[in-house]
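Engineer: Here it is: the structure, laid out below.
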Amino acid sequence: MSKPYLILNIFSSIDGKIATAPGKNVAEWTAAGIDGEANEITHILYDELNCDGLVSGSESLIVWGQEWIELDNPVYEPKKSKAYIVFDGKGRIDWHQTEGLLVVTKENVSAEYIQQLKEKRISYILAGKGEYIDLPLALQKLYELGHRRLGLSGGGKINGAFLRQGLIDEISLVVAPLAIGGNITPSIFDSENLKDIDGATILELITTKSVGNGSVWLHYKVKKNNGEV
């Protein structure tokens with residue numbers, strides 16, 4: 001199977017949290033000036049990593065939109081990205097911003113959702129008929145559309161799904177100078193528990209350096225995925 005090279009490019013607290021609490025928008029860290037510029041740096045890294053498309057999940061968009069926070073200064077907008085790719089298998093989003101949007105959904109999503117995409121002239125691809133989007137098939141179709149290096153910056157569930165299926169090739173993580181805690185606070189990877197160490201994803205460090213105002217960039221290559229070399 002041909003697929004784009006997939007780079008998880010994300011920022012988190014030092015304990016791996018990507019929000020303050022469930023339902024909270026991570027932009028509040030930036031608005032409060034306490035994220036160590038991690039948000040801005042992460043967006044710049046999309047270009048440094050040569051990502052030609054940005055991937056997110058519908059759940060992260062819905063959650064982050066619950067308490068939308070307007071920033072005084074807009075965050076850097078990646079220049080090399082050709083599309084904003086959103087995985088919305090349940091067809092839950094009523095789209096308003098459509099420029100550059102590419103929706104990935106299921107073949108058995110509701111007819112009403114497909115009609116919305118067509119009426120709003122939103123590009124979309126269909127991948128799988130099961131409970132969830134067929135991620136390998138979706139990546140294959142994105143490859144066929146010309147995408148070669150995708151930057152993934154979703155919520156914990158979509159990140160966890162890609163991780164568990166061994167589809168992530170690199171992890172680019174900007175660690176903000178914050179400790180959040182919490183038992184159910186969203187984290188980088190929210191997925192099913194492993195049975196043993198054989199399921200762990202093993203990483204090889206590419207580079208690490210201090211960035212911004214107290215943040216640290218950790219860049220890893222995936223060396224071993226779910227027991228597969």
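Engineer: Springs between alpha-carbon atoms under 10 Å, Gaussian network over the chain: tell me which of S12, S210, S58 tops the mean-square fluctuations.
Structural biologist: Sorting by GNM fluctuation, first place goes to S210.
Engineer: Work out the FRET efficiency for L194 and N108 from their Cβ-Cβ distance, taking R0 = 35 Å, and round it to the nearest 0.05.
Structural biologist: With a Förster radius of 35 Å, E is 0.70.
Engineer: At a Förster radius of 30 Å, what calculated FRET efficiency corresponds to the Cβ-Cβ distance of R148 and E119, to the nearest 0.05?
Structural biologist: FRET efficiency, R148 to E119: 0.45.
Engineer: Based on the Cβ-Cβ distance of A31 and K221, what FRET efficiency does E = 1/(1 + (r/R0)^6) give at R0 = 30 Å, to the nearest 0.05?
Structural biologist: Calculated transfer efficiency: 0.35.
Engineer: Could you state, as a whole-number percent, how many of the C-alpha pairs of the chain are farther apart than 32 Å?
Structural biologist: 16
Engineer: Right, next: Over 27 Å between C-alpha atoms is what I'm after, so list which of K195/K224; K24/K221; K195/K223; K3/K90; K24/K141 land there.
Structural biologist: Correct reply: K24/K221; K24/K141.
Engineer: Say each of Y132 and E48 gets a label point 7 Å from the Cα, pointing the same way as Cα to Cβ; how far apart are those two points in nm?
Structural biologist: Between Y132 and E48, the label points sit 3.1 nm apart.
Engineer: What nm distance separates the two modelled labels at N183 and K79, each placed 7 Å from Cα along Cα→Cβ?
Structural biologist: 4.8
Engineer: For a quick protection proxy, order the peptides 113-126, 162-175, 134-147 by their average other-Cβ count within 10 Å, most packed first.
Structural biologist: 162-175, 134-147, 113-126
Engineer: Quickly rank 151-157, 76-82, 38-44 as a protection proxy: mean count of other C-beta atoms within 10 Å, highest first.
Structural biologist: 151-157, 38-44, 76-82
Read-outs throughout are calculated quantities, based only on the coordinates presented, and are distinct from any laboratory measurement. For clarity, every value in this text was computed on a predicted model and none was experimentally measured. Neighbour counts run over all protein chains shown; Cβ positions are idealised from the backbone, glycine included.
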